[in-house]
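The structure appears below as structure tokens.
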Amino acid sequence: AYSFPLTALALASAEYADEVKGVVAHAIMFLISSVSLLVSLILMLITALNIIKCFHLKYIFYFIHI
């Protein structure tokens, strides 16, 4: 629910920064893109932790190394 609108906002700010060619526009683009990336990474981490918790995967790292 959070990642899609934030990604759309980041893409719109990138198009705006490309059109305007100003320092402030590029700073806003960088800030919004960074927040979008951070939210996406946090959502992936929370999803992975919930999968581990849901399936009681205590030894997940043991199976990855085999």
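Values in this text are rule-based calculations from the coordinates and carry no lab data. For clarity, every value in this text was computed on a predicted model and none was experimentally measured. Neighbour counts are summed over all protein chains in view; Cβ atoms, including those assigned to glycine, are modelled from backbone coordinates with ideal geometry.
Among the residues of the stretch 33-44, is there at least one that is over 16 Å from the mean Cα position of the chain (by Cα), surrounded by 11 or more Cβ atoms within 10 Å (Cβ to Cβ) and assigned to a helix (DSSP H, G or I)? No. Cβ-Cβ distances below 7 Å connect the following pairs, each with a first residue in the stretch 24-47 that is touching a residue at least 40 places away in the same chain (Cβ under 8 Å), a second residue that is surrounded by 11 or more Cβ atoms within 10 Å (Cβ to Cβ), and a separation of six or more residues or different chains: 43/3.
Name the residues in the stretch 3-27 that are aromatic (Phe, Trp, Tyr) and surrounded by 13 or more Cβ atoms within 10 Å (Cβ to Cβ), would you?
Residue satisfying the conditions is 16 alone.
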